[in-house]
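In what follows, a structure is listed as structure tokens, so that the remarks can point back to it.
Every number in this text was worked out from the coordinates using simple rules, so none of it is lab data. Source: prediction; values computed, not measured. Please note: Cβ atoms are built from the backbone with ideal geometry, for glycine as well, and neighbour counts cover all protein chains shown.
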There are 4 protein chains.
Amino acid sequence: MDQREPAPRITLEAFRRLCAQELPFLQVFSAEIEAIGHGWARARLPASGQMLRPGGTIAGPAQMALADFVMYAAVLGAVGEVPLAVTTQLSINFLHRPKGALVAECRLIKLGKRLAVGEVRLEDETGTLVSHVTATYSIPPER
Amino acid sequence: MDQREPAPRITLEAFRRLCAQELPFLQVFSAEIEAIGHGWARARLPASGQMLRPGGTIAGPAQMALADFVMYAAVLGAVGEVPLAVTTQLSINFLHRPKGALVAECRLIKLGKRLAVGEVRLEDETGTLVSHVTATYSIPPER
Amino acid sequence: MDQREPAPRITLEAFRRLCAQELPFLQVFSAEIEAIGHGWARARLPASGQMLRPGGTIAGPAQMALADFVMYAAVLGAVGEVPLAVTTQLSINFLHRPKGALVAECRLIKLGKRLAVGEVRLEDETGTLVSHVTATYSIPPER
Amino acid sequence: MDQREPAPRITLEAFRRLCAQELPFLQVFSAEIEAIGHGWARARLPASGQMLRPGGTIAGPAQMALADFVMYAAVLGAVGEVPLAVTTQLSINFLHRPKGALVAECRLIKLGKRLAVGEVRLEDETGTLVSHVTATYSIPPER
């Protein structure tokens, strides 16, 4: 983390509370937010539960959900608790079949007044880059 | 449906059986395949269960999962039961907040030997186009 | 064209004048706007000049430029002459190698206050869909 | 550059010669390849010529062409002179209006037998990230 980086505008605790209220489907796939900074975040998805394919690999839809989740954390880390921030576009490249749990890291590459664009990298337990995502959030004007 | 369209290469029954084996996470969000043709398919996601956001709208990750699901059906409708066909890329534009259940229709716009590209439109109960997806499947060579 | 469709908010003549001022690089590849409606447009790119590959096929970058151009026309057809409308995202799938001239048709699938999303289909002289594009324009708030 | 990185499979000279034969439209916007490694490349586009918008900013279509060009170099750096390698998908986020010349760096994030996926960053003279691209190349099987 850059020392000049501003403090995150949401805490892990506040983010978890918000998710429990707003995103009940997160319970389904049990992603865990691990860290939030100003414009970046890291989350983890264990290789268990209903989002596995036979063989134990985490399914593509779970990867997309994880990417959207960690992007949301990175955006709120930069702009604070803005519940109406919504994804407008998401593009994912699936690169390799994952082994075990996934770690997703998001970094915003643009933070404008109206749009935030982020890049998410999903790595599996072996450190392989299993998918790469870019996503755009629309940020409501009144805040 | 075009009368000259070839017959689908997978039946609804075979597709449902395959999903039950291969995609257990589908149980989570209870999408239902409704029709499969040669290179197209239609699926439905009821507005219930764990994939809802407060207010009853179907969450973005559930829309992505639904799009991937119906694309899989359209691909198998064109190439037959090829379990190793995998999504390599998916791009979604979220256009409007949905009201109620979603219906997703996929149509392949390219069916090559190695790649299939499809377009998916997700409409809600009011007939509003809520999201638009393009996705690419890689088709294994040996078949 | 739907009879209930509102009148376009820019004429072909005004659009051509704007392009001559704002987009001098259009001269390079000599795309021609053919029709503009309220939220849709059609343009044509002849198979000649510097944008050809050996064999006479129109190169990928020229296809992307054509798609961006016709999307711009469709957006201005819906919102009027807003010079600061800019592309924020463009995603293209190249499907088939084109034969001869290209015709591009854009239709907006969302027209919001701040974002317009469009779909562009590029067909060649044989009627083959050679590429498919989705693009997003950001529309400045003050207008 | 990683010391364990294999040698590039095409030289700058061979790449320039190939482009002069295959991509005559490159003359239009005068992009210059600067470096090619095994799976990465760097190119530069001066702020001059026909691809400028009023005010001297490099137009979006020129950015897309530059990204496609540097991706091609990175792919050939990894697989050697394979003229039939073609772009199948390209997705770009335009982040900031550029000032002056552009430098584009591509790095492959996947190099499979049939598909290569790369990430391209375009920076302007001030070091600002002006656009971000992901692209996919299809690599012909027989080589």
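Take each residue in C:16-27, count the other chain C-beta atoms within 10 Å of its C-beta, and the mean is 3.
Scaled against the 2.2 N^0.38 Å expected of a compact globular protein of N residues, the Cα radius of gyration of chain D reads 1.00. Near B:Glu32: Cβ cut-off under 12 Å, other residues only, Lys/Arg at +1 and Asp/Glu at -1. The net charge is +2. Among the residues of A:92-99, the average count of other protein chain beta-carbon atoms within 10 Å of the residue beta-carbon is 6. Summing Lys and Arg as +1 and Asp and Glu as -1 over all other residues whose Cβ lies under 12 Å from the Cβ of D:Gly127 gives a net charge of -1. Multiplying each eigenvalue of the alpha-carbon gyration tensor of segment D:47-108 by 5 and taking the square root yields semi-axes of 25, 12, 10 Å, largest first, rounded to whole angstroms. Placing a label point 7 Å from Cα along the Cα-to-Cβ axis, C:Gly56 is separated from the same position in the other copies by 4.3, 5.8, 6.0 nm, shortest listed first. The residues neighbouring D:Gly118, those whose beta-carbon lies less than 15 Å from its own, together hold a net charge of +2 under the Lys/Arg +1, Asp/Glu -1 convention.
Please enumerate, by chain and number, the aspartates and glutamates with C-alpha under 13 Å from the C-alpha of D:Lys99, excluding those fewer than 8 residues away in the same chain. Result set, ordered by chain and number: D:Glu123, D:Asp124, D:Glu125. With neighbours defined as other Cβ atoms within 10 Å of a residue's Cβ, the residues B:Thr87, D:Thr11 order from fewest to most as D:Thr11, B:Thr87. Which value at 222 nm does chain C reach when only helices count, each DSSP H run of 4 or more adding -39,500 (n - 2.57), with the total divided by all residues and rounded to the nearest 500 deg cm²/dmol? Roughly -7500 deg cm²/dmol at 222 nm, from the helical runs in chain C. Note on C:Gln21/A:Ala7: beta-carbon distance plugged into 1/(1 + (r/R0)^6) with R0 of 45 Å gives a FRET efficiency of 0.50. Based on C-alpha pairs under 8 angstrom that are at least 6 apart in sequence, segment A:12-138 has a relative contact order of 24 percent. Within 10 Å of the Cβ of each residue in C:122-131, the mean number of Cβ atoms contributed by other protein chains is 1.
The long axis of helix D:12-22 is offset from the longest Cα principal axis of chain D by roughly 80 degrees. By the Cα gyration tensor, the protein assembly as shown has an equivalent ellipsoid whose semi-axes, rounded to whole angstrom, run 34, 27, 27 from largest to smallest. The two copies A and D are related by a rotation, and the chain A beta carbon nearest its axis, with distance in whole angstrom, is A:Ser91, 2. So what's the angle, to the nearest 10 degrees on a 0 to 90 scale, between helix A:60-79 and the longest Cα principal axis of chain A? For helix A:60-79, the angle is close to 20 degrees.
By the count of other C-beta atoms within 10 Å, a proxy for reagent exposure, A:Thr128, A:Thr136 are ordered fewest to most as A:Thr128, A:Thr136.
Our note on the geometry: Cα centres of segment D:1-78 and segment C:46-100, 20 Å apart. In terms of surrounding Cβ atoms within a 10 Å radius of their Cβ, D:Arg4, B:Arg107 rank from fewest to most as D:Arg4, B:Arg107.
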